[in-house]
2 protein chains.
Amino acid sequence: MRTLAVVGGGVIGLGVAWRAAEAGWSVTLCDPAVGSGASWVAGGMLAPLSEGWPGEDRVLDFGAAALARWPEFAARIEAATGVAVLVADATLTVALDAADLADLRTVADWVGGRGHDLRLLDRAGVRALEPSLARTVRAGLHAPAEPAIDNRRLVAGLRQAAEAAGVRIRAERVDSLDALDHDQIVLAAGAASARLWPALPVRPVKGEILRLRQRPGVAPAPQRVIRARVHGRAVYLVPRADGIVVGATQYEAGFDTTVTVAGVRDLIADAEAIFPSIGEYELAEASAGARPGTPDNLPLLGRLTDRIIAATGHGRNGMLTMPLTVDAVLAQLAGTPLPEAEHADPQRFSTAHPPSLSSAGGVR
Amino acid sequence: MRTLAVVGGGVIGLGVAWRAAEAGWSVTLCDPAVGSGASWVAGGMLAPLSEGWPGEDRVLDFGAAALARWPEFAARIEAATGVAVLVADATLTVALDAADLADLRTVADWVGGRGHDLRLLDRAGVRALEPSLARTVRAGLHAPAEPAIDNRRLVAGLRQAAEAAGVRIRAERVDSLDALDHDQIVLAAGAASARLWPALPVRPVKGEILRLRQRPGVAPAPQRVIRARVHGRAVYLVPRADGIVVGATQYEAGFDTTVTVAGVRDLIADAEAIFPSIGEYELAEASAGARPGTPDNLPLLGRLTDRIIAATGHGRNGMLTMPLTVDAVLAQLAGTPLPEAEHADPQRFSTAHPPSLSSAGGVR
């Protein structure tokens, strides 16, 4: 039985470990605190279409391919563990002013022109879908196929599935990949991956997020994911069984994951601009994580050596792209790389090994 | 050896238990979670002078009498336990507009006229004391004798002192005072006291408070307690060794102690209006407590029966008035009530027992 080490216990590492164990590998997952990093802090939006923008073809295509794999993945998790991860079926991006509306039109035209289902709604159309939004919302972009998941249920479900499939979890920090003697290694350590493989162009992008709980007598959360831009800052509300997750700030702040007063202030103000009842919710938690950012907003997904596969750099979209990433890593382990992951080659930024050459060499 | 039960393990109950044990009582303190209520959430201001207002003579006198006992009490705690509780020496109330300034003048005239040391400062005077305050601060009222304490250090110190003095702490909820067979009982259960003695006019007044931690490179906290009124709401900043406590909202909300989004939003906005650097602080904690409020803002402090003494109703000033309360309860136990506590008679609202009559009767 061939041995696999998975370094990193976020949703990527857990998902790879689970599926690899099911595929017959002897899998060990190493993480000093499984599921406690960016995967725990995340919001759970799966919204590649609403986030599409002309020129970012590869990011859209990668995200859409990942989204297409989610229904099956969600069903598989639920079958294996009984854990239902979906918390919303659709996404509604709202416009507060004329500039926002122009942006929604741009997204609708470009993403819609590439065959995806996006619908522009006027004020009345938004109100019909989500009557609790602010009266100042003047238009919306409805993405009926963009759901959301509960990231914490997902972490719990993946861990349960992985353990049931025989994955051994070691609560240890890996300081060097050389110290691992497994046949194959998957590096899924998120923003910390560059500590283990310095050439990887992944950096921490700090994000703060709030978890709000509905109190008795207070207006219920919107049923869909609500996204907006307020004072130039992106904000989103993701439904939960007991409330709402509000995200997320974005800073280049190294590995600092303290929650700042200003971050919480901005999230509350921006969320309140689109859903006024939020003031009466309980502020149950404010937390921060480090997303693994890359220069082109595509992940770093593929072979680094004959023994090491990178699966990191998922930025704000680790939840969305996890099912595709897992499939891509499994395909690499089987020796037949997935076409959808082609542009995520982790060596694409290396001038010493341009992709067109390295794809033929042993390094890849 | 006479036995005493103290019901309630906030600073009042702990202080009474400690000093009674030292005075020779066999003391049992009952609280399912010692030090976890309003005493844990509090800010620690000791500011009866800055809060003075014409007509509220009794509240001022009671607070000033309590303040006068603090230096000795703080020294006594430190001698007994090594715990130093003071975190600031003085209080500065700032004015942002002409109405605020008029209020500061009213306080300065009235409280100053009663012999207390308060000094009005102009813009430059405020800046000289606390250069990090907002440029919009136009005047200040300096109370050089109003310090602040760290309420959590105080809770820890009092508990340590009580246990060292032989107090037995029972982690149990008391559901009826009749169930206690001690010679004397002190009811110090804060806002919950009316559950045990329904005639007590004490009600929960919800308050939310933030604990902020200074991050590297960020402006240090003011050295003094800073108080202000912003958009009509009172806000204060109390220094701590590692940051600032910001308080406090005030609601009539029953025993609800959830932290609301709106409460946190208002505290941040109001604090930022007087100390702009606060946005860069870490939001380490947001919590809520239930202050024990009374109709006239004086505590309920004195005999309910020959066996039961009330020590509750301290409202927002439990930290301030604790040393006086402890002395008053000890004086009651010794049979020689303190004159300073006269107006805090817990039966003063009872029409069936007006104070002038009941003071001669067995009920008092």
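Within region A:1-19, the set of residues being closer than 13 Å to residue A:154 by Cα and either in contact with a Lys or Arg (Cβ under 7 Å, 6 or more places away or on another chain) or not in a loop (DSSP other than H, G, I, E, B) (or both) comprises A:11, A:12, A:13, A:14, A:15, A:18. Within the set A:298, A:283, the sole residue that is more than 7 Å from chain B (Cβ to nearest Cβ), among the hydrophobic types (A, V, I, L, M, F, W, C) and either closer than 28 Å to residue A:94 by Cα or surrounded by 18 or more Cβ atoms within 10 Å (Cβ to Cβ) (or both) turns out to be A:298.
Right, residue A:130: under 24 Å from residue A:158 (Cβ atoms) and more than 15 Å from the chain's Cα centre (by Cα) or not?
no
The residues of region A:167-196 that are closer than 19 Å to residue A:333 by Cα and either hydrophobic (A, V, I, L, M, F, W, C) or in contact with a strand residue (DSSP E or B) (Cβ under 7 Å, 6 or more places away or on another chain) (or both), listed by number, are A:167, A:168, A:177, A:180, A:182, A:183, A:184, A:185, A:186, A:187, A:188, A:189. Comparison of B:47, B:64 shows that the only residue that is assigned by the TED database to the domain that holds residue B:169 and either part of a helix (DSSP H, G or I) or out of contact with any helix residue (DSSP H, G or I) (no Cβ under 9 Å at 6 or more places or on another chain) (or both) is B:64. Starting from residues that are part of a loop (DSSP other than H, G, I, E, B) and of a type outside the set (A, V, I, L, M), keep the ones in region A:67-93 and report whichever is surrounded by the most Cβ atoms within 10 Å (Cβ to Cβ). Applying the filter and picking the extreme gives A:89. Cβ-Cβ distances below 7 Å connect the following pairs, each with a first residue in region A:323-338 that is polar (S, T, N, Q), a second residue that is in a helix (DSSP H, G or I), and a separation of six or more residues or different chains: A:325/A:12.
If you filter region A:262-275 down to residues that are more than 10 Å from chain B (Cβ to nearest Cβ) and over 22 Å from the mean Cα position of the chain (by Cα), you find that the one that is nearest to residue B:213 (Cα to Cα) is A:273. Name the residues in region A:215-256 that are in a loop (DSSP other than H, G, I, E, B), buried (at least 16 other Cβ atoms within 10 Å of the Cβ) and within 12 Å of chain B (Cβ to nearest Cβ), would you? Within region A:215-256, A:218, A:249, A:253 meet the criteria.
Among the residues of region B:204-214, are any at pLDDT below 95 and part of a loop (DSSP other than H, G, I, E, B)? Checked against the condition, which is being at pLDDT below 95 and part of a loop (DSSP other than H, G, I, E, B), region B:204-214 yields no hits at all.
Among the residues here, residue A:165 does not qualify as in the same structural domain as residue A:225 (by the TED database) and modelled with pLDDT of 95 or more. In the condition set (1) surrounded by fewer than 21 Cβ atoms within 10 Å (Cβ to Cβ); (2) over 23 Å from the mean Cα position of the chain (by Cα), residue B:278 is compliant with all but (1). Taking the stated definitions as given, is residue A:278 more than 10 Å from every other protein chain (Cβ to nearest Cβ) and farther than 24 Å from residue B:215 by Cα? No: the conditions fail for residue A:278. Checking every residue in region A:186-195 against the condition of being within 14 Å of another protein chain (Cβ to nearest Cβ) and buried (at least 24 other Cβ atoms within 10 Å of the Cβ) gives zero matches. For region A:114-127, does any single residue satisfy the condition of being touching a Gly at 6+ places or on another chain (Cβ under 6 Å), surrounded by 17 or more Cβ atoms within 10 Å (Cβ to Cβ), free of Cβ contacts under 8 Å to residues at least 40 places away in the same chain and of a type in the set (A, V, I, L, M, F, W, C)? Yes, region A:114-127 has at least one match.
With respect to the stated conditions, residue B:79 is free of Cβ contacts under 8 Å to residues at least 40 places away in the same chain, more than 15 Å from the chain's Cα centre (by Cα) and not assigned by the TED database to the domain that holds residue B:104.
Restricting attention to region A:199-214, the residues that are more than 13 Å from residue A:43 (Cα to Cα), within 14 Å of another protein chain (Cβ to nearest Cβ) and of a type in the set (Lys, Arg) total 2. Consider residue A:259 carefully, then state whether it is within 11 Å of chain B (Cβ to nearest Cβ), in contact (Cβ under 8 Å) with a residue 40 or more places away in the chain and either within 22 Å of residue B:251 (Cβ to Cβ) or not aliphatic (A, V, I, L, M) (or both). Criteria not met by residue A:259. Does residue B:254 count as more than 26 Å from residue B:144 (Cα to Cα), under 20 Å from the mean Cα position of the chain (by Cα) and in the same structural domain as residue B:77 (by the TED database)? No; evaluated as a whole, the condition is false for this residue.
Let's see how each residue does on (1) farther than 17 Å from residue A:225 by Cβ; (2) in the same structural domain as residue A:53 (by the TED database); (3) not in a strand (DSSP E or B):
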position	(1), (2), (3)
A:102	yes, no, yes
A:107	no, no, yes
A:112	yes, no, yes
A:115	yes, no, yes
A:121	no, no, no
A:131	no, no, yes
A:135	yes, no, yes
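Kindly evaluate residue B:310 against the criterion of being within 22 Å of the chain's Cα centre (by Cα), surrounded by 21 or more Cβ atoms within 10 Å (Cβ to Cβ) and either of a type in the set (D, E, K, R) or within 14 Å of chain A (Cβ to nearest Cβ) (or both).
no
Does residue B:155 fit the bill of being in the same structural domain as residue B:35 (by the TED database), within 30 Å of residue B:30 (Cβ to Cβ) and in a loop (DSSP other than H, G, I, E, B)? Judged against the criteria, residue B:155 is not a match. The set of residues in region A:96-141 that are of a type in the set (A, V, I, L, M) and under 13 Å from residue A:275 (Cα atoms) comprises A:96, A:126, A:133, A:134, A:137.
The values are calculated or read from the model by the stated rules, or taken from the named source; none is laboratory data. Predicted model, so just to flag it, every value in this text is computed and none were measured. Methodologically, a virtual Cβ is constructed for each residue, glycine included, from the backbone with ideal geometry; neighbour enumeration extends over all protein chains shown.
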